[in-house]
Each structure stands twice: as C-alpha cells, then as structure tokens.
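One structure is given below, encoded as structure tokens.
The values are calculated or read from the model by the stated rules, or taken from the named source; none is laboratory data. Since the structure is predicted, the reported quantities are computational estimates derived from the model, not experimental observations. Every residue, glycine as well, gets a Cβ built from its backbone with ideal geometry; the counts of neighbours run over all protein chains shown. When the accessible area is computed, the model is the full protein with side chains, heavy atoms only, and any ligands, DNA or RNA have been set aside. Shrake-Rupley method; radii C 1.70, N 1.55, O 1.52, S 1.80 Å.
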Amino acid sequence: MNLFDDLPENVCRRNVPLGPLTWFQLGGPADYLIEPQSEAQLAFVVKRCHDSGTPLHVLGLGANLLVSDEGVRGVVLRLTQGDLINTVFEGEHALIGGGCDMTRLVLTCVKRGLAGLEQLAGIPGTVGGGITMNCGGKYGDISSVVVSVRVMGPDGTIRTRPREDFRFSYRHCELNSDIVIGTAFRLQPTDPASLHRRFREIWDYKFNTQPPLGAPSAGCIFRNPVGHSAGQLIDRAGLKGFRLGSAFVSERHANFAMADRGGKAADVRKLIDAIIDRVEQNSGIRLEPEVKIW
Ligand SMILES: Cc1cc2nc3c(=O)[nH]c(=O)nc-3n(C[C@H](O)[C@H](O)[C@H](O)COP(=O)(O)OP(=O)(O)OC[C@H]3O[C@@H](n4cnc5c(N)ncnc54)[C@H](O)[C@@H]3O)c2cc1C
C-alpha cells in the first residue's frame, strides 16, 4: 500500500516527468503528481503530507521555476480541476480559483470591461503563482487589485486572509507556507474598447522587448537589485549570448536565461552561478535569483 492508494488514478500519478509542466521544459519526475478535484480532496492530501512528513510542493504553470534533472521527492500538487479553477464575477468583484490561468483571466476581464488586471498582459502563470510571486512589472503588480486571498494551511484548514496580511512587496509576499486556493480581486468597470487598446499597448511592449513568450525560460531569472536593472548589469558584464552547454543568456533581454529544448537543468544552474560571479566581478553587485529552484 502506498501513501495515496485511496485517491483515484486520474487524481494521483506516480513518477511523472515535470519538464513538460514547466516553461523551461526541463527537469526530472515528481514521486507523486496530485491534481485534486475539490478543496476537500486538496485538504485530504495536504493533511496526509503534513501528518506523514511528506514534502509538498505546489506547481502553477511552472513559469518561474527550474526543476532539477533529478526531479522532486514527495508530492507535487497542481490545482487544475473543480472548485480550484472556479471563476465568479459579481459587479466589480472577481472571485478566482488559485489554479486559474492568468492569461485567460486577463483576457476575460478585458472583454468584460473590468480594468486592473490588464497590467499583467503577457505574464504566464496561475493566479496562485501570481499571488506568491506578486507578479507584475513596469505597469503594476497583481497585489494592487487584490482584496483578499483564500488559503489552505499545512493542516488542511481554510481561511480568508485580507490583502494587508501578505505585506506584498517587489516579487514577494508573506504566504507563510499557505497554499493559495482563491483570490478576490476588485476591478474597475470601464469601456471595453479603450481597455482593449491599453491591453494591446502593454502586450506589445512585452512582445517588443523580450524573447518570444513560448520559448523555454522562466522570465527574468534575477531580481533587480535596488536602484539597478539586473539586465543592464548582465549586459555590461558582456554576457548577452553567453552559453554554457544547453543554457544561454538571451541576446534580446540579458535577464532571460534560456535553454535549448531537450537541455539540462544543471546547465541552467551553472549559467546562473557564472552570471552571478561575472556580474559581481564587473560591478561589485551580487545578483539574487528570482526563479524558484526545486
Ligand atoms: C516568458 C515569461 C515572461 C515573464 N514575465 C514576467 C513579468 O513580466 N513579471 C513577473 O512578475 N513575472 C514574469 N514571469 C514569471 C512568471 O510568469 C510569474 O512569476 C508567474 O506569476 C508564475 O506563476 P506560475 O503559476 O507559473 O508559478 P510557478 O512557476 O509554477 O511557481 C512559482 C512559485 O509559486 C508557488 N506557487 C504556485 N502556485 C501556488 C499556489 N497556488 N499556492 C502557493 N504557492 C504557489 C510555487 O510553489 C513556486 O514557489 C515571466 C515568465 C515567463 C516564462
């Protein structure tokens, strides 16, 4: 008998390669990949991991993630089904499941003439990943339209935490081991045509300044140090196009580490370390990865 024998086969699978589930398309298997169909089933899995001391990781769309070639021990959870991807619109409020795809959500809001999330155009991921990372950029961060977040604690209990509780800051929030299972956003009713123009402007900016959205990467690989642009520091260190094995620095945007299809996560790790060293030698500034590494 294994730990999750009592879950249906379509919910719990063993030894599942994670590469195809991440934007980098790299990395080995998870011991267990579990995709609960409801909050109750999620609570059951979370509690069992807690009680048995089994490591638990939550995977969104893997758009800010590098999984090691050896894979991940324990459980990887994906919130892809049932109430975990519900969307409810009530006037200016949107109540959105933690597993929902941000890109689709942004487009739905633009079509409905609800402003606030269009600032995230071109940022791949789930709502849960977006909250965890406080995703955003030059046009604003997701936290600016969050009212509250529904979370599940490590013991499986559900709470609604107000926005202030998370102390959102640059690409960070204080989640404290909770799992994001839903978010309430307050949006601004507005004219859909002008909102669509604004969305295009933001989308075009990303399209014109970054590598193609579908290329294997995790977006910006380093955090911007206070008062500096990580991309400029990497560029000034002469690293645009620099390659180590199957990993390389984008020619288009120096803060994007890219990988060849079929490459190795270990090459990306080596590239990250080499960039940190070379930028420190060149500028005296030590870069910190923004990408999460499993
Ligand atoms: C081409 C490209 C462009 C990008 N541009 C931007 C950009 O402009 N701005 C920006 O901020 N980011 C950008 N990113 C990074 C990425 O899109 C964001 O960080 C996004 O929010 C990640 O969401 P995800 O669901 O894929 O999270 P994942 O990468 O799957 O996970 C990221 C972290 O969040 C945790 N997590 C995920 N879901 C949950 C949950 N439900 N509950 C608790 N923890 C969870 C994971 O455990 C992990 O620690 C870009 C990435 C790519 C590939």
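Contact annotation: residue pairs with Cβ atoms under 6 Å, 6 or more positions apart or on different chains, pairing a residue in the stretch 109-136 that is under 19 Å from Glu201 (Cβ atoms) with a partner that is surrounded by fewer than 21 Cβ atoms within 10 Å (Cβ to Cβ) and of a type in the set (Phe, Trp, Tyr), are Gln119/Tyr139; Ala121/Trp203; Gly122/Trp203. Applying the condition of being of a type in the set (Gly, Ala, Ser) and within 11 Å of the ligand (Cβ to nearest atom) to the stretch 16-65 and asking which residue is nearest to Leu84 (Cα to Cα) yields Gly60. Any residue that is within 23 Å of Asp267 (Cα to Cα), outside the structural domain of Pro162 (by TED's automatic domain parsing) and among the acidic types (Asp, Glu) - is there at least one of those in the stretch 43-51? Among the residues of the stretch 43-51, not one is within 23 Å of Asp267 (Cα to Cα), outside the structural domain of Pro162 (by TED's automatic domain parsing) and among the acidic types (Asp, Glu), which makes the answer no. Restricting attention to the stretch 32-74, the residues being farther than 19 Å from Asn176 by Cβ, open to solvent by 50 Å² or more (accessible area, probe 1.4 Å) and outside any loop (DSSP other than H, G, I, E, B) number 6. Of all residues in the stretch 78-100, one or more are within 14 Å of the ligand (Cβ to nearest atom), under 20 Å from the mean Cα position of the chain (by Cα) and within 26 Å of Ile272 (Cβ to Cβ).
Taking every residue in the stretch 6-27 that is touching a residue at least 12 places away in the same chain (Cβ under 8 Å) and within 15 Å of Leu66 (Cβ to Cβ) and pairing it with any residue that is open to solvent by 20 Å² or more (accessible area, probe 1.4 Å) and of a type outside the set (Gly, Ala, Ser), at least 6 positions away or on another chain, the pairs with Cβ-Cβ distances below 6 Å are Pro17/Pro29; Gly19/Gln25.
Residues in the stretch 133-162 that are more than 12 Å from the ligand (Cβ to nearest atom) and either open to solvent by less than 60 Å² (accessible area, probe 1.4 Å) or not small (Gly, Ala, Ser) (or both): Val145, Val146, Val147, Ser148, Asp155, Gly156, Thr157, Ile158, Arg159, Thr160, Arg161, Pro162.
Scanning the stretch 106-126 for residues that are over 21 Å from Phe222 (Cα atoms) and open to solvent by less than 10 Å² (accessible area, probe 1.4 Å) returns Val106, Cys109, Val110, Gly113, Leu117. Taking (1) of a type in the set (Gly, Ala, Ser); (2) buried (at least 16 other Cβ atoms within 10 Å of the Cβ); (3) more than 15 Å from His196 (Cβ to Cβ) in turn, Gly91 satisfies each apart from (2).
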